[in-house]
Amino acid sequence: MAQQKNSQKQRGNRDGKPKFERRDKKSNSTRENKQRPEFEAEDEQVEFVYGHHASVETLKGETEINKVWLQTGVGEQMRQEIIALAKKRGLVIQDVPKSKLDELVNEQNHQGVVLSISAYKYATIDELFAKAAEKEEAPFFLILDSIEDPHNLGSILRTADAAGVHGVIIPKRRAVQLTATVAKTSTGAIEHVPVARVTNLVQTVENLKERGLWIFGTDMDGKDYRQWDAQGPTALIIGNEGKGIAPLLKKSVDEMLTIPMIGHVQSLNASVAASLLIYGAFNSRHPL
């Protein structure tokens, strides 16, 4: 284990120029859909973004927006802010009663503004690497293994943006996709953290290893995350809320990390665990 850690340090970003060499590997939301779970609704072509902060960040970003709905009588300050951003993009703005917005987002808390957008566009793995290169930093990616709760994904994106994560990787199947609920929970972070969607996480992890990344996972039996050296090119896998990391994917991990717990409850919500680990990596990569 010590030898592995030393190898990682040698590839770190201590000189400001990330290196991507890897040691030889070991041998080998829309309106809620009542007919099916939200995490299976990945083929929907229209999404709704709602809520003040999420709408503002979407208007400032690059997501393709079809239309803007504003609630009649909404606060003047917010109205002027939304109208100004919408006009910059030449968007249609329509005043509607609150009941119309309630109907569009299935009674969710829209705060008086709803955007109709095209389906979210996903990034490529190359684009995740490009973001790290643009910042002249060693890549730090999150890999989410079958996260099914859109609120967990939204919260993870929010923390990822705050801590400077370069990208998130999710599977195409059996996991929540980018939806209005995710956007609302992320409070706009969905516009700033690129999300790549892949067919096979195991193959993706092997590809990341070939490109120089060290892969870390989470487990009850692992190294205390407070001792984690994440300065080199790194990817962190966060497992499913109930089942953890899939067994086959776990075999691809270089090292397991654990969050010590001394209370009666011996598990954490996926987004809470992700936040602790993300900032554990942040502390390692940005020491005081």
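At q = 0.12, 0.23, 0.25 Å⁻¹, what is the base-10 log of I(q)/I(0) for segment 205-266 according to the Debye formula with one equal point scatterer per Cα and no solvent? Please give it to two decimals.
Ignoring solvent entirely, the Cα scatterers give -0.31, -1.00, -1.13.
Rounded to whole Å and sorted largest first, what semi-axes of the equivalent ellipsoid does the C-alpha gyration tensor of segment 138-288 yield via the square root of 5 times each eigenvalue? Spell out each step's value before the answer.
Numbers: eigenvalues 81, 63, 57 Å².
One finds semi-axes of 20, 18, 17 Å for segment 138-288.
Give the calculated FRET efficiency between residue 279 and residue 192 to the nearest 0.05, with a Förster radius of 25 Å applied to their Cβ-Cβ distance. Write out the running numbers ahead of the final one.
Numbers: r = 17 Å, r/R0 = 0.70.
Efficiency, from the Cβ-Cβ distance: 0.90.
Please give the net charge around residue 112, taking every other residue with its beta carbon less than 9 angstrom from that of residue 112, where Lys and Arg add +1 and Asp and Glu add -1. Present the calculation step by step, with values, prior to reporting the outcome.
On the way: positive: 79, 98; negative: none.
Cβ neighbours under 9 Å give a net charge of +2.
Mind putting together the pair-distance distribution for segment 103-207? All Cα pairs, 10 Å bins, whole percent per bin, short to long.
14, 46, 30, 8, 1
Quick one: length gained pulling residue 66 to residue 261 fully straight, 0.36 nm per residue minus the C-alpha distance? Mind dumping the intermediate values first?
Details: separation 195, 0.36 × 195 = 70.20 nm, distance 4.72 nm.
Difference between extended and current length: 65.5 nm.
Between residue 77 and residue 107, 0.36 nm times their residue separation minus their Cα-Cα distance comes to what?
Stretched out fully, the residue 77 to residue 107 stretch lengthens by 8.4 nm.
Going through the cross-link list 131/223; 131/172; 121/250, which pairs have a Cα-Cα distance over 26 Å in this structure?
Values: 131/223 29 Å; 131/172 22 Å; 121/250 28 Å.
As for pairs spanning more than 26 Å Cα to Cα, those are 131/223; 121/250.
Could I have the simple spin-label model distance between residue 174 and residue 162, label points 7 Å from Cα toward Cβ, reported in nm to one decimal?
3.1
Arrange the residues 192, 110 by how much accessible surface each exposes, largest first, with a 1.4 angstrom probe. Spell out each step's value before the answer.
On the way: 192 80, 110 5 Å².
Largest accessible area first, the list is 192, 110.
What does the accessible area per residue of segment 119-177 come to in Å², with a 1.4 Å probe and no ligands, DNA or RNA counted?
Working: 2310 Å² over 59 residues.
So segment 119-177 comes to 39 Å² accessible per residue, rounded to a whole number.
Using a 1.4 Å probe on the protein chains only, how many percent of the accessible area of segment 67-152 belongs to carbon and sulfur?
Working: 1990 of 4240 Å².
For segment 67-152, the apolar C and S fraction of the accessible surface comes to 47 percent.
First measure r as the distance between the Cβ atoms of residue 95 and residue 127, then evaluate 1/(1 + (r/R0)^6) with R0 = 41 Å and state the FRET efficiency to the nearest 0.05. All intermediate terms of the calculation are to be shown ahead of the outcome.
Working: r = 37 Å, r/R0 = 0.91.
After rounding, the FRET efficiency stands at 0.65.
The values are calculated or read from the model by the stated rules, or taken from the named source; none is laboratory data. Just so it is clear, the structure is predicted and the values come from calculations on it, not from any experiment. Reconstructed Cβ throughout: ideal geometry from the backbone, glycine too, with neighbour counts over all protein chains shown. Note: areas computed on protein heavy atoms with side chains; ligands, DNA, RNA excluded. Shrake-Rupley method; radii C 1.70, N 1.55, O 1.52, S 1.80 Å.
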